[in-house]
Amino acid sequence: MKDAASPPTRPEKQDWHDETAVLHGDAWLSSDGAVCPPIHYSATFKAESAQEFAEMATTPRHPGFYTRYGNPVHKRVEAILANLEGTETALLTASGMGAISTTLLALVTRGDHVIAQRRHYMSTSRLFEEILPRFGVESTVVDQTDLDAMAAAIKPNTRLIMVETPVNPTLALTDLRAVADLAQPKGIITIADNTFASPLNQKPHALGIDIVLHSATKYFGGHHDITAGAICCSNAHAEKIWDMHTTLGSVLSPMDAWLLLRGLRTLSLRMERINANALALAQWLEDQPQIERVFYPGLESHPQHALALKQMRGFGAVIAFSVKGGFDATSRFVSGLKLATHAVSLGGVETLAVHTAAMWSGTMTEAQMKTAGIEPNFVRMSVGVEHIDDLKQDLAQALSPAS
Ligand SMILES: *Cc1c(COP(=O)(O)O)cnc(C)c1O
């Protein structure tokens, strides 16, 4: 392909609204006249001359040399995601964990110190608490709501701070601006996992965070069909992370990148409905006598609601709540759901629900779960785009089964 030799550069200014960016953010990348971009299902790309081959082989992040290094469909998705997060560029990976592990491994080295939250996505916690220490990287884990603890954890060799907001299981928030303000003067890199919010609801880079990570499996794909990940950051960081990426090889297939592109076209429409449905359902749940407590940043009862209003524009799909009556009542409730699907993950068009403690039910008693911080009566729900009345009706019948 001819135009692969000199990759097109992103136009200087594209200050569209998100609703427009998801549709046109990749328009500057040629598609030979096709309105719907083609899938470049090719592992390798040919050069027309020795000179062109040398240029393709030595240009970092070339979109058409070898797919592990980059692919034209990746470039399209990356252009849109950079636009949404307000970063210079973005880099796609094969999963959210691919994005997180590649970023961390690219940026730290033996002797560095890193700071993370006490609660993260479980595999992210594993990276900080088990895997990085094996390679001589020391990590300190702090309560994300305690900025003094975060400040006190900083050492002369602190290389980066990783945050995630909102986070499981109580949808606790991290003050993104405050963390950026702590780190910036000391030259510490800040990384935020923005999966639970999405850039439609929260833009960490605009609040001073350097690198924004995503599981694109969730809202971006939006249909519970693919796994994918994304790293949104400066060109300088991206080149460094890409260098590690070509070695670790967490490469998204062109087909899945194309499905992701297709999913992104409707992201703003889906988020509008998801935000509205989740807030309405969270408020409705608060009024149900069988519910002990509801956790959702959009509720006034959320302990950090003021921070939510400050740094978020919408509050996302995920609501958590506890059902009165302990493990068994919760288990009966989740089993009784007919419309909501009993499955992990979040951010897609269908509503999903999980009884989080059920994963440990074979190995722990209810008392042991409580000690380990696993609430036996917790339900996590990712609210989809169904009609709100149908969702309420489903939850109502599962809460009060006709006996
Ligand atoms: C799902 C998820 C991940 C991991 O993403 P995968 O695509 O499953 O690898 C990371 N962080 C958060 C917050 C997630 O929800």
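For the pair I154 and R110 in one chain, pulling the backbone fully straight at 0.36 nm per residue adds 14.1 nm over the alpha carbon distance. Extension gain for K338 to S361 (0.36 nm times residue separation, less C-alpha to C-alpha distance): 6.0 nm. Which distance in Å, rounded to a whole number, links the C-alpha centroids of region 127-152 and region 264-313? The two parts, judged by their Cα centres, are 29 Å apart.
Above 17 angstrom, tally the Cα pairs of region 268-399 and express them as a % of all pairs, no decimals. I get 57 percent for the Cα pairs in region 268-399 exceeding 17 Å. Each eigenvalue of the Cα gyration tensor of region 7-148, multiplied by 5 and square-rooted, gives one semi-axis; in descending order these are 35, 21, 13 Å. About the centre of its Cα atoms, the chain shows a dipole size close to 380 debye [charges on the beta carbon of Lys, Arg (+1) and Asp, Glu (-1) only; nearest 20 debye].
Across the cross-link table entries K203/K240; K218/K310; K370/K392; K324/K370, which are compared at the Cα atoms, the separations over 20 Å belong to K203/K240; K218/K310; K370/K392.
When you count the other C-beta atoms within 10 angstrom of each residue and take the mean per peptide, 192-198, 181-187, 383-389 line up highest first as 192-198, 383-389, 181-187. Each 5 Å bin, from zero up to the one with the longest distance, holds this percent of the alpha carbon pairs of region 159-204: 5, 22, 31, 22, 13, 6, 1.
Rounded to the nearest Hz, the phi-derived 3J(HN,Hα) couplings of region 83-95 under the Karplus curve 6.51 cos²θ - 1.76 cosθ + 1.60 (θ = phi - 60°) are 4, 5, 8, x, 9, 4, 8, 8, 9, 8, 9, 7, 6, where x marks glycine and proline. Given a 1.4 Å probe and every protein chain left where it sits, what share in percent of the accessible area of the chain is carbon and sulfur? The value for the chain is 53 percent carbon and sulfur by accessible area.
When shorter helices are ignored and each DSSP H run of at least 4 residues is given -39500 (n - 2.57), the per-residue value for the chain at 222 nm works out to -10500 deg cm²/dmol.
Would you please give the FRET efficiency between E129 and R177, computed as 1/(1 + (r/R0)^6) with r the Cβ-Cβ distance and R0 = 25 Å, to the nearest 0.05? Walk me through the numbers before you get to the answer.
Details: r = 27 Å, r/R0 = 1.06.
Here the calculated transfer efficiency is 0.40.
Relative to the current alpha-carbon distance between Q368 and L309, full extension at 0.36 nm per residue lengthens the span by 17.6 nm.
Our summary of shape: the Cα atoms of region 122-209 have principal axis extents of 37, 30, 19 Å, ordered from largest down, in whole angstrom. Share of pairwise Cα-Cα distances greater than 32 Å in region 18-265 is 21 percent (whole percent). Ignoring solvent entirely, what values of log10 I(q)/I(0) come out of the Debye formula for region 171-236 at 0.28 Å⁻¹ when each Cα is a single scatterer? Here log10 of I(q) over I(0) equals -1.24. Note that the chain presents 43 Å² accessible area per residue, ligands and nucleic acids not counted, probe 1.4 Å. Each of the peptides 63-70, 103-110 was scored by the mean count of other Cβ atoms within 10 Å over its residues; in descending order, highest first, they stand as 63-70, 103-110.
Can you grab the distance from the C-alpha centre of region 212-248 to the C-alpha centre of region 21-99, Å, no decimals? Using only Cα atoms, the two centres lie 13 Å from each other.
Considering only beta bridges that DSSP places wholly inside the chain, some 55 percent are antiparallel. Remark on H224: its backbone amide H falls under 5 Å from those of V349, a criterion applied only to residues 5 or more positions apart or on other chains, H modelled at 1.01 Å from N.
The values are calculated or read from the model by the stated rules, or taken from the named source; none is laboratory data. Bear in mind that the values here come from a model prediction, so they are computed numbers and not experimental data. A quick note on method: Cβ atoms are made from the backbone with ideal geometry, for glycine too, and the neighbour counts reach across all protein chains shown. Protein only, heavy atoms only, side chains kept; ligands, DNA and RNA dropped before computing areas. Shrake-Rupley method; radii C 1.70, N 1.55, O 1.52, S 1.80 Å.
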